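Below is one structure; the comments refer to it alone.
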Amino acid sequence: MSLQEEILSDARFSRITRDPRFWEMPEKERKVKIDKRFRAMFHDKKFKLKYTVDKRGRPVNYANTEDLRKFYALSESDSDLSDNDSKEIKEKKKKKAKPKRKANS
């Protein structure tokens, strides 16, 4: 028997399997749902921190964007932007970027 099985079969610890405090949290409930107003934090430079050393001074190549994706998820209704919506957004940005030229008289 493995150590895990021995612990669970022990009468002193048998209630651990029935106690909801010790159950693992479901995958769907693990991440915090955020709406479309905050989706920029996944790709904006302001939210990105890049670490070169860890807390003990050892060199690492780590950015906190992995943590953002690990702990946060876009809500279902907001993450499903249709292709037409995304195309319209891109066209609006292009129109705003083009300066209007005035004709010389």
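Each peptide in 27-33, 68-74 was scored by the mean count of other Cβ atoms within 10 Å over its residues; highest first, the order is 68-74, 27-33. For Y62, the residues whose amide H sits under 5 Å from its own are Y51, ignoring neighbours fewer than 5 places away on the same chain, with H placed 1.01 Å from N. Taking amide H positions as placed 1.01 Å from N in the peptide plane, with prolines and chain starts having none, which residues 5 or more places from Y72, or on another chain, fall under 5 Å of its amide H? Residues meeting the amide H criterion: V32. Subtracting the Cα-Cα distance of F13 and D44 from their residue separation scaled by 0.36 nm leaves 6.4 nm.
Across segment 25-78, Cα-Cα distances exceeding 14 Å account for 61% of all pairs. Summing +1 for each Lys or Arg and -1 for each Asp or Glu among the other residues whose beta-carbon sits under 14 angstrom from that of R12 gives -1.
All of the numbers you see were taken from the coordinates with simple rules; none came from a lab. Remember, it's a predicted structure, so these values are computed and weren't measured experimentally. In this analysis, Cβ positions are derived from the backbone assuming ideal geometry, glycine residues included, and neighbour counts consider all displayed protein chains.
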